[in-house]
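Q: I'd like to ask some things about the structure below.
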Amino acid sequence: MSSASPSVPRDTIIHGLGRGVINLVCLLGDLFLFAWEMLGWIITRLPPRSNLWSCMYHIGIQSIPVILITGGFIGMVLAVQSYDQFKLMHLENQIGAVIAISLVEELGPVLAAIMLAGRVGTSMSAELGTMRVTEQIDALRALGADPIHYLVVPRFLACCLLIPLLTIIADAIGILGGWFFSTQILGVDSFYYWYYSKNFVFAYDVMGGIFKSFFFGAAISLISCHRGFHCGAGAEGVGKAATEAFVYSFIVIMILDFLLGVSIVNFYHFMQTVYPGVLR
């Protein structure tokens, strides 16, 4: 009498897709609970000033060289790529408008956020991940301090406050870099560069870019701290947490850029319909 061999379930594409969806839902739920606890601490009690100033120095002051290089070369690259097309239409004097509007609305906030996700986000994730692996976070709990209040809240506030300021610096340096290359190398008249930049860029455009950078900073800090707090064991876990922090931050920045861009444009059209010229 032959006994039936037990059937082994196959791992199909449907199984993999289901696992991926479940893991994504669990990740988003855990991130939401992490953010909710952090916001609770922000409302009830701010972190010590010493922690906040230290995080602001690390995130803000030490990021200025990266922002200066990024912003300056973005402006010069825009000048190089735009000049030939504008010259074909005899509009090369208006190149300043293209550089300025591209930087303040889109390229300045997004590229600055991506650079900071790589410099600041991975650093925060690796630092907190190392603290998790070496049980320093557990030691904080044993001493009666809440790790989220002591470690996460200062980094979150520093990113939300300083990344918009760094975006302003990137925009300004990018416009100056575009001006230098356009006038000194391409022969564009300096007066027309600033004239068209002033006439085509409005305060609403600048504020829209700064508004987006605030959400980019919040996303970078929240995701990086979350991945550091949930770091795996050993050096491999720390490296994986730092990589995930950058990749997840990059994806979220792109999604937020699209959603906020659509919202800003729709709000502009709504305000122009109700109050014509109010945002100019």
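The values are calculated or read from the model by the stated rules, or taken from the named source; none is laboratory data. For clarity, every value in this text was computed on a predicted model and none was experimentally measured. A quick note on method: Cβ atoms are made from the backbone with ideal geometry, for glycine too, and the neighbour counts reach across all protein chains shown. Keep in mind that these areas ignore ligands, DNA and RNA; they rest on the heavy atoms of the full protein, side chains included. Shrake-Rupley method; radii C 1.70, N 1.55, O 1.52, S 1.80 Å.
Q: Of the residues 54, 50, 63, which is surrounded by fewer than 11 Cβ atoms within 10 Å (Cβ to Cβ), among the hydroxyl-bearing types (Ser, Thr, Tyr) and at pLDDT below 90?
A: Result: 50 is the single residue among 54, 50, 63 that is surrounded by fewer than 11 Cβ atoms within 10 Å (Cβ to Cβ), among the hydroxyl-bearing types (Ser, Thr, Tyr) and at pLDDT below 90.
Q: Regarding segment 241-251, can at least one residue be identified that is surrounded by fewer than 16 Cβ atoms within 10 Å (Cβ to Cβ), assigned to a helix (DSSP H, G or I) and touching a helix residue (DSSP H, G or I) at 6+ places or on another chain (Cβ under 7 Å)? It would help to see each step written out before you state the result.
A: Keep residues of segment 241-251 that are surrounded by fewer than 16 Cβ atoms within 10 Å (Cβ to Cβ), which gives 243, 247, 251.
With the extra rule that they be assigned to a helix (DSSP H, G or I), the set shrinks to 243, 247, 251.
Adding the requirement that they be touching a helix residue (DSSP H, G or I) at 6+ places or on another chain (Cβ under 7 Å) leaves none.
The answer is no; no qualifying residue exists.
Q: Turning to a different aspect of this structure: Among the residues of segment 252-280, what is the count of those that are in a helix (DSSP H, G or I) and of a type in the set (Gly, Ala, Ser)?
A: Qualifying residue count, segment 252-280: 2.
Q: Could you pull out every one of the helices (runs of 4 or more DSSP H) wholly within segment 49-115 that has 3 or more residues that are over 22 Å from residue 156 (Cβ atoms)?
A: Correct list: 64-88, 95-102.
Q: Working only within segment 120-173, note down all residues that are closer than 16 Å to residue 224 by Cβ and charged (D, E, K, R).
A: Listed by number, the residues that qualify are 127, 132, 155.
Q: Given the structure, is residue 267 in contact with a Pro (Cβ under 7 Å, 6 or more places away or on another chain) and of a type outside the set (Lys, Arg)? Before the answer, list the steps.
A: Details: in contact with a Pro (Cβ under 7 Å, 6 or more places away or on another chain): no; of a type outside the set (Lys, Arg): yes.
So residue 267 does not fit the description; no.
Q: Being in contact with a Gly (Cβ under 9 Å, 6 or more places away or on another chain) and among the β-branched types (Val, Ile, Thr): is that true of residue 153 here? I'd like the intermediate steps shown before the answer.
A: On the way: in contact with a Gly (Cβ under 9 Å, 6 or more places away or on another chain): no; among the β-branched types (Val, Ile, Thr): yes.
Taking the combined requirement at face value, the residue does not satisfy it.
Q: Check off (1) touching a Leu at 6+ places or on another chain (Cβ under 6 Å); (2) within 21 Å of residue 176 (Cβ to Cβ) for residue 147 and give me the number that stays unchecked.
A: (2)
Q: While we're here: Quick test for you: out of 213, 263, 224, pick the one residue that is without any contact (Cβ under 8 Å) to a residue 12 or more places away in the chain and either under 19 Å from residue 59 (Cα atoms) or of a type in the set (S, T, N, Q) (or both).
A: Values: 213 fails: without any contact (Cβ under 8 Å) to a residue 12 or more places away in the chain; 224 fails: without any contact (Cβ under 8 Å) to a residue 12 or more places away in the chain.
So the residue among 213, 263, 224 that is without any contact (Cβ under 8 Å) to a residue 12 or more places away in the chain and either under 19 Å from residue 59 (Cα atoms) or of a type in the set (S, T, N, Q) (or both) is 263.
Q: Next question. Within segment 190-202, is even one residue in contact (Cβ under 8 Å) with a residue 12 or more places away in the chain, of a type in the set (A, V, I, L, M) and either open to solvent by 60 Å² or more (accessible area, probe 1.4 Å) or touching a Phe, Trp or Tyr at 6+ places or on another chain (Cβ under 7 Å) (or both)?
A: no
Q: Mind listing whichever residues of segment 115-138 are open to solvent by 30 Å² or more (accessible area, probe 1.4 Å), farther than 17 Å from residue 62 by Cβ and modelled with pLDDT of 85 or more?
A: 130
Q: While we're looking at this one, here's another question. With (1) open to solvent by less than 50 Å² (accessible area, probe 1.4 Å); (2) within 21 Å of the chain's Cα centre (by Cα) as the list, and residue 111 as the residue in question, which single condition is left unmet?
A: (1)
Q: Of everything in segment 139-174, what is open to solvent by less than 30 Å² (accessible area, probe 1.4 Å), closer than 27 Å to residue 94 by Cα and of a type in the set (A, V, I, L, M, F, W, C)? Give them in sequence order.
A: 166, 170
Q: May I pose another question? Any idea which residue in segment 139-154 is modelled with the highest pLDDT, counting only those that are out of contact with any Phe, Trp or Tyr (no Cβ under 8 Å at 6 or more places or on another chain) and more than 22 Å from residue 235 (Cβ to Cβ)?
A: Only one residue tops the list, namely 154.
Q: Checking the conditions here, which among 261, 228, 237 is open to solvent by less than 30 Å² (accessible area, probe 1.4 Å) and touching a Leu at 6+ places or on another chain (Cβ under 7 Å)?
A: 228
Q: Another one. So which of 116, 91 is over 30 Å from residue 235 (Cβ atoms), of a type in the set (A, V, I, L, M) and out of contact with any strand residue (DSSP E or B) (no Cβ under 8 Å at 6 or more places or on another chain)?
A: Checking each option against the conditions leaves just 91.
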